[in-house]
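Worksheet: the structure to be examined is printed underneath.
The values are calculated or read from the model by the stated rules, or taken from the named source; none is laboratory data. If you're wondering where the values come from, they're calculated on a predicted model, not measured in any experiment. So basically every Cβ, Gly included, is an ideal-geometry build from the backbone, and we count neighbours across all protein chains shown. These accessible areas exclude ligands, DNA and RNA; they are computed on the full protein's heavy atoms, side chains included. Shrake-Rupley method; radii C 1.70, N 1.55, O 1.52, S 1.80 Å.
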Amino acid sequence: ASRTLQMRGFPTRSTALALAILGAALTHARAGSPDPVRVTIWESLPELWAWQVPAGSPADAYTISAIGFNRIPAKYNARGIEVDRSNPFALHAEAMLTASPGPQRLILRARGAARLLVDGEVLAVTKPIKPNASGHEEVPEVVAPEDPRWRYVAPGGQERIVDWASDGRPHRVELWALVGGKKLRAETGELSVSLVAQGGVPVLVGGDLVALTDEGWAAFAMAERTRIDAFDTSRRRAAARSEDASWKARHDLARRRAEKDAPPDLAKGNAVDHFFLEPAAGPVGDAAFFRRLALDTIGQVPDAAEVEAFLADPRPDKRARAIDARLADPRWADAWLGYWQDVLAENPGILKPTLNNTGPFRRYLHGAFLDNTPFDRFATELIRMEGSPLGGGPAGFAIASQNDAPMAAKAHVLAKAFLAAEMKCARCHDAPFHPYDQADLFGLASMLAGKPLAVPGTSTVKQQEGGRTPAVSVSLKEGEHVPPQWNLTTIGPEGLADGLDLPADAGPRDRLAALITGPTNQRFAPVVVNRLWKRYMGAGLVEPVDDWDNSPSTRHPELLAALARELMTHDYDLKHVARTILQSRAYQAKVVAGGTTPDAPVRRRMTAEQLVDSLFAAVGKDFGAEELNLDPDGRRPPSEFLNLGTPRRAWEFTSTSNERDRPALSLPVVQSLVDVLETFGWRPSRQDPITVRDEATTPLQPALLANGTVAGRIARLSDDSAITALCLEDQPAEALVRAVYLRLLSRTPDDTETSRLVAYLGDTYEGRIVPGAAANPRATSAARRVSWSNHLSPEATTIQIEREKAARAGDPPTARLTGAFRERMEDIVWALINSPEFIFLP
């Protein structure tokens, strides 16, 4: 039974639970249809819509495996940019249901207004959502499901159970749901239709076997996330092809201009190796190379099986093959997100945006890197600021809340990110140490705004009558209107390159994007490739990488120019330049302390995101984090409360701060992870753009990694740990130590390390397995009851304090291993993750 369920996508924790779920499922083996569930979405509903099929055609149509929703596919414009659906919209799902003859029950679960119909007859109805703004409601009572195996109703959800007699023939089941509404986020919650027999477990209506249990729904939700992600990617890429021809023309122009200036001896071979002889430090070993490559390209340590396969590969080109495989890995996008969130100052707040909060344009960033969007096109789409402002589109970049000159803030970000021009001082006065005055910055800001902008009073340094003359010059007066203009002529000419034609409907943002990314711009391509060099080698060819006007240090201008040409002659393909660097002898050399030469990498510590992702990947655990949402019952508008979903990678976290740090609004597991991220340099609030984080070593870093909640979870041999699974295998102690080293340090241990750890395990190893002991079943608990609507209740604070205690306690240890062995093995895991070898890139 357990194996059958695993094949169907059910993660099982005990044979008893597996048999119970499978028994219920077999009872309803005909509770579905081989045909998929058909879904349609209807937007722009009439004001008095009364559940009838709307006129016209649906805005979207697709199929799913069962009538269960916690997310719907994204909507894209003709350029492949995510846009918002109308709010509210109607969702309709239809499936054929064939169940065993006899009495059955149907279960409708919905957050808002919904209807369940069978053969056109309405059997169950749920009520609309009531918006809430007070926070003074009582915490809802725990309503346990009638069977402890069933999943609890989701936060803010409603449940209707109706009797239904099956005659054994096919019947048409329909679900209509109104999603969103005025002052509400357009979210489905956990929307589903299930069938259940007396004493059984509910199974979602549809073609796939999905039990409405915690584990069944979790597996279904994970599969749906993967499926919808792939679906979105396919549709986004198809829509983006509408502009491929115009971008090809731009890239052809850039290629011709770059090739004209290329020295003939650079036409062949690796552009980096052309400038360096064999690095003095010599090449790094295979294991170290593979770990370094994984951290740089997918943002986490490699899988142990991949390490073994690479080390055993006898082919002389295995490093080149590994590089190609890593560049093709979709986790390439995850590895870049934290970096560009810093550079572009992505700063979403999940509770009531404050100073310089942005929309969560992280979804656009992730999609762009997943699609390997040409980098000039990526910058252009960002500058256009189209799409959904709060749902993940580039329009979120346009937001700078409580900022009296938001476009000036964005002009500063763009200039620093793509031109290495630091214009922060020009916000309030002419920059004393940079060649920019206020008109330069506000001219760019006006191009972004598409109209002349007035200089606000807060963006001027005022001189009091009779007071001291300011030490800085102020060339613009308060209220003065600055027209859209490009003054950065030392970086690029004011006119567009010959042959670079903009469409007839192009606006000032399109023109600004062309001036920044066009082939006549002297900085765009060099700045981009310098960022790659800095990221992979630890020190830029030009430092600082984001400020080239204030006494920059340049180490190898010829190499910088060569890499810039590589970018321009290969359609601004970031992966091409990355491959050039990763395949070079310089990247594959041993680390040189101090970073005094450009032909070898500098010693680098893992970024905060790499560290957190690697810790959990190494032991095979997921974050187990709460949804990043302080309004889980969905009763507040998106302008005040964002739902950033359940994080699966570290870049998906954001600040957990809330008004007055109210404990009732805490997210204990999320906070434990954020604590680690912050301690290692991650910024919960990104009000300003940066490239280099504060990487100073502090006493708190080793203390938290040794004694913090996350460290305890990683070292704990719980039943969801891959280390526990290794310990249960029938193998010698030496093989176990080897397997643990491969998982944690991406290498095999030497003889001394092996003998030392085998001796430490000692005689606890032989009798380590407890006969007959079962894995701990994952505890079924009530859904989150505390939300903004009731967070001022004393009970809400009490509940969250208990949740924090549970988070600090971590996962229970497995009962399948003896305590004596388990504690020693946990010591080994703890020691390895706290070693410098784990923290630093090899």
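Couplings 3J(HN,Hα) of the stretch 601-617, computed from phi: x, 8, 4, 10, 8, 3, 5, 4, 5, 4, 5, 5, 4, 6, 4, 6, 5 Hz, in residue order, whole Hz [Karplus 6.51 cos²θ - 1.76 cosθ + 1.60, θ = phi - 60°; x for Gly and Pro].
Give the Debye-formula value of log10 I(q)/I(0) at each listed q (0.21 Å⁻¹), with one equal scatterer per alpha carbon of the stretch 565-610, two decimals each. For the stretch 565-610 at q = 0.21 Å⁻¹, log10 I(q)/I(0) is -0.83. Taking the square roots of five times each eigenvalue of the Cα gyration tensor of the stretch 360-487, the equivalent ellipsoid has semi-axes of 31, 15, 12 Å, listed largest first.
Residues whose amide H comes within less than 5 Å of that of Ala124, counting only those at least five positions distant or on another chain, are Leu116 (H built at 1.01 Å from N in the peptide plane). Computed 3J(HN,Hα) for the stretch 566-583, one whole-Hz value per residue from the Karplus formula 6.51 cos²θ - 1.76 cosθ + 1.60 where θ = phi - 60°, is 4, 5, 6, 8, 10, 6, 6, 7, 4, 5, 5, 5, 4, 4, 4, 6, 5, 7, glycine and proline marked x. Per-atom-type breakdown for the chain gives carbon and sulfur 53% of the accessible area (1.4 Å probe, protein chains only). At 0.36 nm per residue, and after removing the present C-alpha to C-alpha distance, how many nm does the segment from Ala725 to Thr63 gain when stretched out fully? In short, 234.6 nm is gained. Taking Lys621, Lys534, Lys462 and ordering them by how much accessible surface each has at a 1.4 Å probe, largest first, produces Lys462, Lys534, Lys621.
The calculated FRET efficiency for Val461 paired with Ser657, based on their beta-carbon distance and R0 = 25 Å, is about 0.20. In this structure the amide hydrogen of Trp164, modeled in the peptide plane, comes within under 5 Å of the amide hydrogens of Gln104, Arg105, Leu106, none closer than 5 places in sequence on its chain. Summed over all non-identical Cα pairs, the Kirkwood treatment of the stretch 715-799 gives a radius of 16.4 Å.
Do any trypsin sites (Lys or Arg not before Pro) in the stretch 203-284 lie in a loop, going by DSSP, with at most 11 other beta-carbon atoms within 10 Å of their beta carbon, and if so which? Here the trypsin sites (Lys or Arg not before Pro) that fit, given the DSSP loop and packing criteria, are Lys268. Annotation note: chymotrypsin sites (Phe, Trp or Tyr not before Pro) in the stretch 430-492 located in DSSP loop regions with a Cβ neighbour count of at most 14 within 10 Å are Phe433. Spin-label pair Asp827-Ala133: with each label point 7 Å from Cα along the Cα-Cβ axis, the two points sit 6.1 nm from one another. Take the Kirkwood radius over Cα pairs of the stretch 313-378, plug it into Stokes-Einstein at 4 °C and 1.567 mPa s, and you get 92 µm²/s for translational diffusion.
Extension gain, Asp505 to Ser234, is 94.8 nm, computed as 0.36 nm per intervening residue step minus the present C-alpha separation.
Model label sites at Ala820 and Asn707, defined 7 Å from Cα along the beta-carbon direction, differ in position by 3.0 nm. Label positions at Ala774 and Val472, each projected 7 Å from the Cα along the C-beta direction, are separated by 6.9 nm. Taking the Kirkwood radius as Rh and the Cα radius of gyration as Rg, the stretch 31-87 has a ratio of Rg/Rh equal to 1.01. Alpha-carbon geometry of the stretch 64-130: the Rg and the Dmax are 15.8, 52 Å, given in that order.
Here the stretch 602-672 is treated as a sphere whose radius is the Kirkwood value from Cα pairs; by Stokes-Einstein at 4 °C and 1.567 mPa s it diffuses with a coefficient of 93 µm²/s. For the stretch 628-670, the set of trypsin sites (Lys or Arg not before Pro) satisfying both a DSSP loop assignment and a count of at most 16 other C-beta atoms within 10 Å is given as Arg648.
Ignoring solvent entirely, what values of log10 I(q)/I(0) come out of the Debye formula for the stretch 596-737 at 0.11, 0.19, 0.20 Å⁻¹ when each Cα is a single scatterer? Normalising to I(0) and taking log10 leaves -0.55, -1.22, -1.29.
Mark the label point 7 Å from the Cα of Arg71 along Cα→Cβ and return the residues of the stretch 202-222 whose backbone N is within less than 16 Å of it. Hits in the stretch 202-222 for Arg71 at 16 Å: 217-222. Amide H to amide H distances under 5 Å link Arg604 with Leu841, where only residues 5 or more positions off or on other chains count and H is placed in the peptide plane.
Compared with the direct C-alpha span, the chain from Glu494 to Gln402 gains 29.9 nm at full extension, assuming 0.36 nm per residue.
Taking a ≥ b ≥ c as the square roots of the eigenvalues of the Cα gyration tensor, the stretch 287-427 is classed as prolate, since a/c reaches at least 1.5 and a/b is larger than b/c. Annotation: aspartates and glutamates with alpha-carbon distance below 20 angstrom to Lys248 (same-chain offsets under eight excluded): Glu259, Asp371, Asp376, Glu381, Asp498, Asp501, Asp505, Asp510, Glu566, Asp571, Asp573. Note on the stretch 136-291: semi-axes of the ellipsoid equivalent to its C-alpha gyration tensor, largest first and rounded to whole Å, are 57, 25, 18.
Above 48 Å, the calculated P(r) of the chain contains 27 percent of its Cα-Cα pairs. Helix content alone sets the calculated 222 nm mean residue ellipticity of the chain: runs of n ≥ 4 DSSP H residues at -39500 (n - 2.57) each, divided across all residues, give -11000 deg cm²/dmol. Average accessible surface for the chain: 41 Å² per residue, computed with a 1.4 Å probe over protein heavy atoms with every protein chain in place.
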